[in-house]
Amino acid sequence: MKFNVVSLFPEFFASPLDVSFVGKARRDGLVEVALLDPRDHATGVHRQVDDAPYGGGAGMVMMVEPLAKTLEPLAHTHRVYLTPAGRPLDQATLDRFSNMEEVTLLCGRYEGVDERVVEHFIDEEVSLGDYVLLGGEVAALAVIEGVTRLLPGAVGNPASTEHESFRHRRLEEPQYTRPAEFRGWAVPDVLLSGDHARIEAWREEQREQRTKDRRPDLIED
Ligand code: SAM
């Protein structure tokens, strides 16, 4: 699978794409990430990529031409603009992207991009959540990381992606590891019982309760 990331700050991605599972998946050839800087298509002495908004107002808007030149050759890919105005990112979206061959992620900066870019060169708009970041880079990394861990071979134990929060519209149950007691705080007895049926029943109950308490919307939807 290949990602093309369109960003004015390609250097933003160096370390996050190098470490842990994503770094390994790239080295193993499971996922490829190409970083594309729209400034490479900017013209004029100042290689300008942003300009003041028509109609006035604060901030700058990313210009259509450098983005058109970057995104037009990627028409064969699924082109996603990361924006607070998009549909909130969820596990189903990551699942869908993980079945695609090539996904392009456009990261905005400043006040965002000229709307003609979205109209003519974007297939889908995705938001990281109901808050405003400085740029789309963190959102692009969230997509890359969330998709990479779904690719066969990227995560050691495939069961770990199967039994996790959101997969079945339930939050995951609490997890514990050694020691069985720390500062008097004991791990629930049932987990030490060796009785797998009881353990699974306890986990199921915890998933239901947590989801009911914290994210009832997942149950109701
Ligand atoms: N003026 C825009 C608005 O009110 O919707 C916000 C622009 S924001 C400061 C600059 C860029 O950061 C956006 O173009 C987008 O690419 C990215 N961004 C900010 N918040 C985001 C979010 N919640 N999800 C995805 N991208 C986001």
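The values are calculated or read from the model by the stated rules, or taken from the named source; none is laboratory data. Since the model is a prediction, treat every value here as computed from it, not as a measurement. FYI the Cβ positions are ideal-geometry reconstructions off the backbone, even for glycines, and counts take in every protein chain you see.
Given the structure, is GLU220 under 18 Å from the mean Cα position of the chain (by Cα), surrounded by fewer than 17 Cβ atoms within 10 Å (Cβ to Cβ) and modelled with pLDDT under 95?
Answer is no for this residue.
For segment 152-199, which residues satisfy the criterion of being more than 30 Å from the chain's Cα centre (by Cα) and loosely packed, with under 11 Cβ neighbours inside 10 Å?
Within segment 152-199, ARG178, PRO179, GLU181, PHE182, ARG183, GLY184, TRP185, ASP189, GLY194, HIS196, ALA197 meet the criteria.
Return the pairs, sorted by first residue and then second, in which the second residue is more than 7 Å from the ligand (Cβ to nearest atom) and small (Gly, Ala, Ser), the first residue lies in segment 117-132 and is more than 17 Å from ILE144 (Cβ to Cβ) and at pLDDT 95 or above, the beta carbons are less than 8 Å apart, and the residues are 6+ apart or on different chains.
Here the result reads VAL117/ALA68; HIS120/ALA68; PHE121/ALA68; PHE121/ALA75, each pair linking segment 117-132 to a residue that is more than 7 Å from the ligand (Cβ to nearest atom) and small (Gly, Ala, Ser).
Assuming ALA58 fulfils every condition listed in (1) within 28 Å of LEU218 (Cβ to Cβ); (2) over 23 Å from the mean Cα position of the chain (by Cα); (3) among the aliphatic types (A, V, I, L, M) apart from one, which condition is it?
The single condition ALA58 does not satisfy is (1).
Which pairs do you get when a residue that is under 15 Å from GLU32 (Cα atoms), found in segment 1-17, comes within reach of a residue that is among the β-branched types (Val, Ile, Thr), reach meaning Cβ atoms under 6 angstrom, with the pair 6+ apart or on two chains?
MET1/VAL31; PHE3/VAL33; PHE3/VAL103; PHE3/ILE144; ASN4/THR104; VAL6/THR70; LEU17/VAL33
Looking at segment 89-100, can you tell me whether even one residue there is of a type outside the set (A, V, I, L, M, F, W, C), near the ligand (Cβ under 8 Å from one of its atoms) and on the phi < 0 side of the Ramachandran plot?
No; the residues of segment 89-100 include none that is of a type outside the set (A, V, I, L, M, F, W, C), near the ligand (Cβ under 8 Å from one of its atoms) and on the phi < 0 side of the Ramachandran plot.
ILE122 fails exactly one of the following numbered conditions: (1) under 30 Å from LEU74 (Cβ atoms); (2) in contact with a Pro (Cβ under 8 Å, 6 or more places away or on another chain); (3) surrounded by 11 or more Cβ atoms within 10 Å (Cβ to Cβ). What is the number of that condition?
All conditions pass for ILE122, except number (2).
Taking the conditions exactly as written (at pLDDT 95 or above, buried (at least 16 other Cβ atoms within 10 Å of the Cβ) and within 13 Å of the ligand (Cβ to nearest atom)), does GLY86 satisfy them or not?
For GLY86, the condition - at pLDDT 95 or above, buried (at least 16 other Cβ atoms within 10 Å of the Cβ) and within 13 Å of the ligand (Cβ to nearest atom) - is met.
Mind checking which helices (runs of 4 or more DSSP H) fall wholly inside segment 102-221 and carry at least 3 residues that are farther than 30 Å from VAL33 by Cβ and among the basic types (Lys, Arg)?
196-214
Within 18 Å of ILE122 (Cβ to Cβ), touching a helix residue (DSSP H, G or I) at 6+ places or on another chain (Cβ under 7 Å), free of Cβ contacts under 8 Å to residues at least 40 places away in the same chain and not in a strand (DSSP E or B) - does that describe any residue in segment 47-64?
no
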